[in-house]
Amino acid sequence: MTVLSPGAIVAKDLVKKHGRRFQLGPLSLHLEPGVTCLVGANGAGKSTLFRVVAGIDRPSSGSLRLEGPGSQLLGYLPEELDLPRAATCEEFLHYVAWLHRVPRKDRDAAVTSVLEQTRLLDRRQSKIRELSKGMRQRLGIAHALVHNPPVVLLDEPSGGLDPRQRAVLRETIVGNAQNRVVLVSTHLVEDVRGLGGRVIVIRNGSLVFDGSVVELERCDVASAPGETPLERAVSGLIGESE
Amino acid sequence: MSVRFAAVTLFGVWAAPVHLVGFILDFSLTGMPYRGEGMWTVDWLSGVLWLVGPLAAALSAVDAARFTRPGRVHLVVTAAGHQRPLVWAAMWCAVPLMGVHLVAVGVVLVLGGVTRPSAGWGPMMLALAVGLLVIVWCVALGSAIGRFLGPIVAGLAAGVVCVVLFLVIGDEGSGFSGRFALLETGAGSAPRIGYGYNLDYLGGQALVLAVTAGVLLLLGVRERSGRVLPTVGGALLALGVVAVVPAASAVLPGDRYVVDASPPDHCSGSMPRICTYVEHDRVRADLVAKIEVLSEAALDAGYPALVPDAVHERSRTYWPDNFDTRGFQIPTEVLEGQEMQWFEVAYGLVDPVHCDALRADIGPPDEFWGDLTALIFTWLDLASLPTGDRWFDPDHDRLLSPGETTEVIDRFARCELER
């Protein structure tokens, strides 16, 4: 796989309104290569931000720019990925590579590389229906990476996985964040700590924290629910679910 | 998109085997009366599109709906050229269907020995292309509908809409209704000899089908608040399609066919000289042999008035204009493979088709039918031939003497159908 030039997500005064009920932002962010965790309660605006960054929704105002080489800048794993269960891992990834206009001559190498990165090389010919949930999530990450994008969005990638599967998934994510912006939406404190890097917390559409895990731990609120300083800091910042 | 991936993930591919089974049933159940007639082959085999079109629309809709369902739609809306997977999915339905259709028509043309179609190869290929475009149009319609609905609802809606459209902008008159119909392919159970294709009609139809199918296929989608919607430009173009279809009916010619009243040109013999259309060469030998048997028997028995100078096969627009040349129509049953009945041959040789009274709203008088059957029974009796399932009834039917025969033939020649 070719070495990436660094990517970036640059948002300036970004606002996305949903009628009169909800507004995300204004947010100004500059995300650089490495893993960034996006944390927030249900309804805080994580998915809205993801959809705007993914280009699915347009911002109501402000600007958003994805930077990086090539024209296919973005890899996106939605929260619920609907995989074609009768296809093999290889067939599905070939299809996604075709969709993202990876040249025919490079597709085999791209698929092999991404299967290797997500520890699915020995499952290359397996039908998707035969994979465990953890493997399917890793295949989902593979599908977001197969065209080698400089910006990757992973929406709740560890949802529904057992602890061992989550650990393997986190290693996969961290291992693929070199020279690449990887924005991971999660509400699992365990993921925040395991993925390390930068953490962004949003509450009711507004940015309430932007810093490292260590800095986040310093926001520990003794009265907030949780057993560890990080848990209490996160629960204190995100507040009640909407 | 690989063949295997398409086969395991798309439903539209499976319309092609159904299309093939439809053709096999047609070939095995109908006797293939259209063999040898290029135009009729193209038009008849397009009849199956009334079944296959809605099926293809339904399957194409299901495939499109599965591309735009939650968990997959991101691949469509975030990829560059987001209609590309939808267009490819549609093509995986349309192209195999078109392949089956082309092969089936090609096989029947070869089996029928079509070497010199009266309509000309160019117009025939244009009519065939229209059939193929109807397939693409149905698939494009299904794909466009499927993008905005769930798979099951999309499949049902597209199938029903396509059936309704075949009823509304298909043709209930097999190409002879006198109005332009976008989905008309001329499917019909009658020979096409006597007509040629109206190139203005077919050309306009092909153009409208191609443009509107293209617009439907390229209909852009966007996702807003979890709902898949058309892009503004796509919605406007789709409205354009809705407007173009009725507008085309107002602008384009209403007749799919033009009259081609050419006489048959495959001729042989001298007493009588027998001419048939080259498309019917496969049944010609039996017809010629039977006419010669009847002619020899009539001459040997002293009934020369029965034997004409020439016998011409009739088409739907050509028939002889005098009784010296008799007009003979080859029955469809014979084209389906049944043996030609002696009664039918004799009937064809004495029927005064040159008389306009036979094509008038009010049929000829009973005396005419009595004289006609008397001529037929007399001729079959002279040759000691069977009358088939039309029994001679002495109370109603009669045999004629040579003089009476001459008198009836002379009256028929003058189109005096009453005594």
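The values are calculated or read from the model by the stated rules, or taken from the named source; none is laboratory data. Quick caveat: nothing in here was measured; it's all calculated off a predicted structure. Heads up, the Cβs are rebuilt from the backbone with ideal geometry, glycines too, and the neighbour counts pull from every protein chain shown. The accessibility values were calculated without ligands, DNA or RNA, using every heavy atom of the protein model including side chains. Shrake-Rupley method; radii C 1.70, N 1.55, O 1.52, S 1.80 Å.
Let's see how each residue does on (1) touching a Phe, Trp or Tyr at 6+ places or on another chain (Cβ under 8 Å); (2) of a type in the set (Asp, Glu); (3) modelled with pLDDT of 90 or more:
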| position | (1), (2), (3) |
| --- | --- |
| B:TYR195 | yes, no, yes |
| B:LEU207 | no, no, yes |
| B:GLY233 | no, no, no |
| B:LEU239 | no, no, no |
Residues that are open to solvent by 10 Å² or more (accessible area, probe 1.4 Å) and within 13 Å of A:ASN176 (Cβ to Cβ), drawn from segment A:104-146: A:SER113, A:GLU116, A:GLN117, A:ARG119, A:ARG138
Checking B:LEU207 against (1) open to solvent by less than 20 Å² (accessible area, probe 1.4 Å); (2) in a helix (DSSP H, G or I); (3) not small (Gly, Ala, Ser), the condition it does not meet: (1)
Elements of type strands (runs of 3 or more DSSP E) in segment A:1-60, at least 1 residues being polar (S, T, N, Q), open to solvent by less than 50 Å² (accessible area, probe 1.4 Å) and closer than 19 Å to A:GLY197 by Cα: A:34-39
Whichever residue in segment A:185-226 is assigned to a strand (DSSP E or B), touching a helix residue (DSSP H, G or I) at 6+ places or on another chain (Cβ under 6 Å) and of a type in the set (Val, Ile, Thr) and, among such residues, is most open to solvent (accessible area, probe 1.4 Å): A:VAL208
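Condition test on B:LEU202, is it part of a helix (DSSP H, G or I) and away from chain A (no Cβ under 14 Å)?
yes
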Residue list for segment A:12-31, restricted to those being at pLDDT 85 or above and away from chain B (no Cβ under 14 Å): A:LYS12, A:ASP13, A:LEU14, A:VAL15, A:PRO26, A:LEU27, A:SER28, A:LEU29, A:HIS30, A:LEU31
Index of the failed condition, A:ARG21 passing every other in (1) within 20 Å of B:LEU75 (Cα to Cα); (2) without any contact (Cβ under 8 Å) to a residue 12 or more places away in the chain: (1)
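Going through segment A:38-47 one residue at a time, which ones are within 13 Å of the chain's Cα centre (by Cα) and either of a type outside the set (Val, Ile, Thr) or within 13 Å of chain B (Cβ to nearest Cβ) (or both)? Steps first, answer last, please.
The initial filter retains those residues of segment A:38-47 that are within 13 Å of the chain's Cα centre (by Cα), namely A:38-39, A:46-47.
Scanning segment A:38-47 gives A:LEU38, A:LYS46, A:SER47.
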Checking A:GLN178 against (1) open to solvent by 10 Å² or more (accessible area, probe 1.4 Å); (2) touching a residue at least 40 places away in the same chain (Cβ under 8 Å); (3) assigned to a helix (DSSP H, G or I); (4) not hydrophobic (A, V, I, L, M, F, W, C), the condition it does not meet: (3)
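Residues checked against (1) more than 9 Å from chain B (Cβ to nearest Cβ); (2) in contact (Cβ under 8 Å) with a residue 60 or more places away in the chain:
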| position | (1), (2) |
| --- | --- |
| A:ILE56 | no, no |
| A:SER61 | yes, no |
| A:GLY68 | yes, yes |
| A:GLU80 | no, no |
| A:ALA87 | no, no |
| A:TYR95 | no, no |
| A:HIS100 | no, no |
| A:LYS105 | yes, no |
Filtered residues of segment B:334-368 (kept if closer than 20 Å to B:PRO264 by Cα and either free of Cβ contacts under 8 Å to residues at least 60 places away in the same chain or touching a Pro at 6+ places or on another chain (Cβ under 7 Å) (or both)): B:VAL334, B:LEU335, B:MET340, B:GLU344, B:VAL345, B:ALA346, B:TYR347, B:GLY348, B:LEU349, B:ASP351, B:VAL353, B:HIS354
Conditions (1) more than 14 Å from chain A (Cβ to nearest Cβ); (2) closer than 25 Å to B:CYS93 by Cα; number of the one not met by B:THR231: (1)
Failed condition for B:ALA94, given (1) outside any helix (DSSP H, G or I); (2) more than 14 Å from every other protein chain (Cβ to nearest Cβ); (3) not hydroxyl-bearing (Ser, Thr, Tyr): (1)
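Within segment A:73-87, which residues are over 22 Å from A:LYS12 (Cα atoms), outside any strand (DSSP E or B) and open to solvent by less than 50 Å² (accessible area, probe 1.4 Å)?
Applying the first criterion (over 22 Å from A:LYS12 (Cα atoms)) to segment A:73-87 yields A:77-87.
With the extra rule that they be outside any strand (DSSP E or B), the set shrinks to A:78-87.
Result: A:PRO78, A:LEU81, A:ASP82, A:LEU83, A:PRO84, A:ALA86, A:ALA87.
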So A:GLU231, is it surrounded by fewer than 20 Cβ atoms within 10 Å (Cβ to Cβ), in the same structural domain as A:ARG20 (by TED's automatic domain parsing), touching a Pro at 6+ places or on another chain (Cβ under 9 Å) and farther than 27 Å from A:SER28 by Cβ: yes
Exclusive hit being over 21 Å from B:ALA210 (Cβ atoms), open to solvent by less than 10 Å² (accessible area, probe 1.4 Å) and of a type outside the set (Asp, Glu), set B:ALA190, B:ALA181, B:ALA154, B:ALA158: B:ALA154
